[in-house]
Amino acid sequence: MNKDLICRVALTLVPGIGPLIAKTLTEYLGSAENVFNTKATDLEELPGVRKALSQSIFHNKDEVLRRAEKEIAFISKNNIQTLFYQDEEYPQRLKSCDDAPYMMFYKGSGKLNHSKIISVVGSRKCTEYGVNLTHQLIKELAEYNILVVSGLAYGIDAEAHKACLEHQLETVGVLGHGLDLIYPAQHRGIAAKMVERGGLLTEFLSETNPDYQNFPKRNRIVAGMSDATIVVESAAKGGSLITTDIAHSYSREVFAFPGRTFDKASAGCNQLIKSQKAMMIENAQDLINAMDWGGGKKEKQLQLSLDKFSDPEQKILSLISSQNSVHVDALAINTGLTLPQLKNHLFQLEMRGVIKNVPGNRVQLAEMVF
């Protein structure tokens, strides 16, 4: 077995260690394996590591390593992909979020770094109006080759996944439990089809129950790996509104379909729109226009000389010119620049009128350069 992979999984099991601390320890010491091989007294010298935490690592070491070995055996048997936060395959949009999972587990064929990703969320107790809106939205989005993320829950989530399967769009379900079960059980059939056209993603190990506290954690993944979150139908309170709050904290776009003023099933959507926490949309075209994902500009090519730009700027502009718009995280990955370096170059290019920011933390060439 891969020793460092075992240690990565084990580190997530140590009481008192969350994603941020796990990343900090790994980066200071070079690997998860080194965390377990470092003396408790030496760990206490690291920033943010108190004696209680170092003792937790020391006292739980054998137990968490045994549990991690068991998990790796399960992963290998079921052809599950492990996603470490430093892996290229890890969802890069999510990686930019401070509380992104240290490790995730994925079963499927869909690309988690797709060029366009949306999350579709809404009420578990959806109405016929919500169901019809969801299916119509997905049907209209089919031609734009968008990856759709949701939570495989009752209601809008399940309807979004079903509609994607019907219209040949890739769809990923983010789970609040391990990959050894499907909750709710009625969605096993949908889940099996999603593995073939999309996938199932989770940060939880096998034998994890679908407990209530797991679902807000799941919601942050749904929001964090998406360019935009769309609320189809929601009451005044519900999990989808938690997801929108998280999306806002990540500076992601939020859209909502309006409902009738007296309809309690749409009270949450109406309030999001009224409070300007969500942009109102009535159809897929509204979303496409707002995100600037239309096909009209796809054939435009860079028509200015790159000679007057620095090497990093040339890389940035070449990538942007090849697409309608590019996510900032994707630019960082493909240029090899750190995020601070990239943002500095983007700022300079924007000041020179060469590029402009568009919704979804994306950039595109300014109109004047065409």
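Worth pointing out:
- Every listed requirement among (1) under 19 Å from TYR90 (Cβ atoms); (2) modelled with pLDDT of 95 or more; (3) in contact with a strand residue (DSSP E or B) (Cβ under 6 Å, 6 or more places away or on another chain) is met by ASP227 save one, (2).
- For region 11-21, the count of residues that are part of a helix (DSSP H, G or I), within 27 Å of the chain's Cα centre (by Cα) and farther than 18 Å from LEU83 by Cβ is nonzero.
- Of all residues making up region 250-269, the number that are surrounded by 15 or more Cβ atoms within 10 Å (Cβ to Cβ) and among the polar types (S, T, N, Q): 1
- Per-region count, region 22-46, residues surrounded by 14 or more Cβ atoms within 10 Å (Cβ to Cβ) and either at pLDDT 95 or above or part of a helix (DSSP H, G or I) (or both): 15
- Selection from region 34-53 of residues that are under 33 Å from the mean Cα position of the chain (by Cα) and of a type in the set (Lys, Arg): ARG50
- Qualifying residue in region 126-140 (condition: assigned to a strand (DSSP E or B), assigned by TED's automatic domain parsing to the domain that holds LEU205 and either at pLDDT below 95 or touching a strand residue (DSSP E or B) at 6+ places or on another chain (Cβ under 9 Å) (or both)): no
- Where THR202 falls short, out of the listed (1) β-branched (Val, Ile, Thr); (2) touching a Leu at 6+ places or on another chain (Cβ under 6 Å); (3) closer than 24 Å to ALA284 by Cβ: (3)
- Where a residue in region 54-70 is in the same structural domain as PRO15 (by TED's automatic domain parsing) and among the small types (Gly, Ala, Ser) and its partner, wherever it lies, is in a helix (DSSP H, G or I) and modelled with pLDDT of 95 or more, with Cβ under 6 Å and at least six apart: ALA68/ILE6; ALA68/VAL9; ALA68/ALA10
- Selection from region 326-345 of residues that are within 15 Å of SER310 (Cα to Cα), assigned to a helix (DSSP H, G or I), in contact (Cβ under 8 Å) with a residue 24 or more places away in the chain and touching a helix residue (DSSP H, G or I) at 6+ places or on another chain (Cβ under 7 Å): LEU342, HIS345
- For VAL49, the stated conditions do not hold, so it cannot be described as over 30 Å from LEU319 (Cβ atoms), in a helix (DSSP H, G or I), of a type in the set (A, V, I, L, M) and not assigned by TED's automatic domain parsing to the domain that holds ALA192.
- Hey, GLN276 surrounded by fewer than 21 Cβ atoms within 10 Å (Cβ to Cβ), at pLDDT 95 or above, out of contact with any helix residue (DSSP H, G or I) (no Cβ under 8 Å at 6 or more places or on another chain) and of a type outside the set (A, V, I, L, M, F, W, C) or not: no
A quick yes/no check of all residues on (1) in contact (Cβ under 8 Å) with a residue 12 or more places away in the chain; (2) farther than 30 Å from ALA235 by Cβ; (3) crowded, with 22+ Cβ neighbours inside 10 Å:
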{"position": "PHE74", "(1), (2), (3)": "yes, yes, no"}
{"position": "THR82", "(1), (2), (3)": "yes, yes, no"}
{"position": "ALA100", "(1), (2), (3)": "yes, no, yes"}
{"position": "LEU112", "(1), (2), (3)": "yes, yes, yes"}
{"position": "VAL121", "(1), (2), (3)": "yes, no, yes"}
{"position": "ARG124", "(1), (2), (3)": "yes, no, no"}
{"position": "THR127", "(1), (2), (3)": "yes, no, no"}
{"position": "VAL131", "(1), (2), (3)": "yes, no, no"}
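- Near pairs, Cβ below 6 angstrom, 6+ apart or cross-chain, from region 281-306 (over 14 Å from ILE146 (Cβ atoms) and assigned by TED's automatic domain parsing to the domain that holds ARG362) to any residue that is modelled with pLDDT of 55 or more and in a loop (DSSP other than H, G, I, E, B): none
The values are calculated or read from the model by the stated rules, or taken from the named source; none is laboratory data. From a predicted model like this one, the values you see are computed outputs, not experimental measurements. All Cβ positions, glycine included, derive from the backbone under ideal geometry; neighbour counts span all protein chains shown.
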